[in-house]
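Before any comments, here is the structure.
The values are calculated or read from the model by the stated rules, or taken from the named source; none is laboratory data. Computed from a prediction, not measured in an experiment: that's the story for all the values here. Virtual Cβ from ideal backbone geometry, glycine too; neighbours counted across all protein chains shown.
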Amino acid sequence: MSWRIFKNPVTLFVGGVAAVILELAEPSVRTGVWEHSGFRRDPVRRLERTGMAAMVTVYGARSVAEAMIADVVRMHDRVMGETPAGEAYRANDVRLLTWVQATASFGFIEAYHRYAQPLSPAEIDRAYDESAPAARLYGALDAPRSDAERLALFEAMRPGLEPSPIVLEFLKIMNNAPIVPRLLKPAQRLLVRAAVDMVPGWVRERLGLPAACGLRPWQAPLVRLAGALADRIVLRSGPPAQSCRRLGLPADFVYRRRRPG
C-alpha cells in the first residue's frame with residue numbers, strides 16, 4: 001500500500017501540505033518547525049529534503065533507511081525550546097512525534113484516496129499499519145495503526161490545537177514558492193487549496209481558515225483528474241520503479257490499476 005500511495009507526486013504534494021497544516025495547529029510542533037528549520041528561508045530546499053526522506057523511508061533498502069532515520073533522530077535531539085506561552089518542548093518528545101507521524105500518514109493516505117484512487121477501509125488500515133515500523137524508528141511509539149486509531153488520536157489532540165497566523169503564512173509560502181515552472185503556478189495554488197479542503201472541518205474551524213482557502217466546487221474534479229493521471233505515469237528513473245526492479249518486478253508493477261479491496 002505504501003508503495004502505491006507514495007508513487008503519486010500530485011497526492012504527495014497535497015497530502016504533505018495538509019499534514020503540515022495539522023502539525024502547525026499544535027503549538028509545540030509549530031514553534032519547533034518555525035524556529036528550528038529553514039522552511040521560511042528556503043522552502044523549496046526543505047521540501048526536497050523532506051521528500052527525499054520520505055522516498056528513502058518507503059522505497060529504500062532497510063539498511064539505508066535505518067541509517068538515515070538515525071541521523072534525523074540525532075538531529076532532533078538538539079531541537080528544544082519554549083513555545084510563546086512558555087511551555088517547554090523537545091522535538092524527540094514521543095507525543096509530538098506521534099502527532100507528526102499521524103498527520104503525515106493521514107495526509108498522504110487521504111489525499112491518495114480522495115484525489116487519485118479510492119481505497120477500501122481495509123486498504124486504508126493496511127497503509128497505516130505499514131507505516132508503524134518506520135514510525136517507531138523515528139520515535140513515534142504510539143503512531144496509529146488503523147484509521148480508527150488515527151481518529152481517536154485526532155480527537156484526543158483536539159483540546160490542544162489552536163489558531164496561529166503562522167498557518168496562513170505557511171499557506172502563502174506554499175502558494176508562492178518556486179516549486180513548479182511559472183506557467184504551472186495556477187496548478188500549484190489549486191493543489192494547496194485541495195490540501196486545505198482535505199483538513200477535517202473542525203480543524204479548519206479551529207484554525208480560522210476561511211472557506212476561500214479551500215476548493216471551489218468546480219475545482220475538485222480538476223484535482224482528481226490530475227491525481228488520476230499522475231497515478232499512471234511511470235517514472236522509470238524514480239524510486240518506485242527502481243525499487244520494483246530491485247526486487248525483480250516489472251518497473252510498472254505499482255502503477256498497475258487495482259480494484260479497491
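Here are the numbers:
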quantity: In the stretch 115-133, residue surrounded by the fewest Cβ atoms within 10 Å (Cβ to Cβ) [restricted to those that are over 13 Å from G15 (Cβ atoms) and of a type in the set (S, T, Y)]; calculated: S120
quantity: Qualifying residue in the stretch 170-187 (condition: within 16 Å of P9 (Cβ to Cβ), over 19 Å from the mean Cα position of the chain (by Cα) and assigned to a helix (DSSP H, G or I)); calculated: yes
quantity: The lone exception for G261 - which of (1) at pLDDT below 95; (2) under 27 Å from P43 (Cα atoms) it fails; calculated: (2)
quantity: A194, sole failed condition from (1) part of a loop (DSSP other than H, G, I, E, B); (2) buried (at least 20 other Cβ atoms within 10 Å of the Cβ); calculated: (1)
quantity: Test result for V203, farther than 21 Å from F39 by Cβ, under 21 Å from the mean Cα position of the chain (by Cα), assigned to a helix (DSSP H, G or I) and of a type outside the set (G, A, S); calculated: no
quantity: Residue among V44, V29 that alone is surrounded by 15 or more Cβ atoms within 10 Å (Cβ to Cβ), in a helix (DSSP H, G or I) and within 16 Å of the chain's Cα centre (by Cα); calculated: V29
quantity: Pair list, Cβ under 9 Å, 6 or more apart: the stretch 241-261 residue more than 15 Å from A228 (Cα to Cα) and assigned to a loop (DSSP other than H, G, I, E, B), other residue polar (S, T, N, Q) and modelled with pLDDT of 95 or more; calculated: G261/S120
quantity: Residue check, A230 surrounded by 14 or more Cβ atoms within 10 Å (Cβ to Cβ), under 27 Å from V44 (Cα atoms) and not basic (K, R); calculated: yes
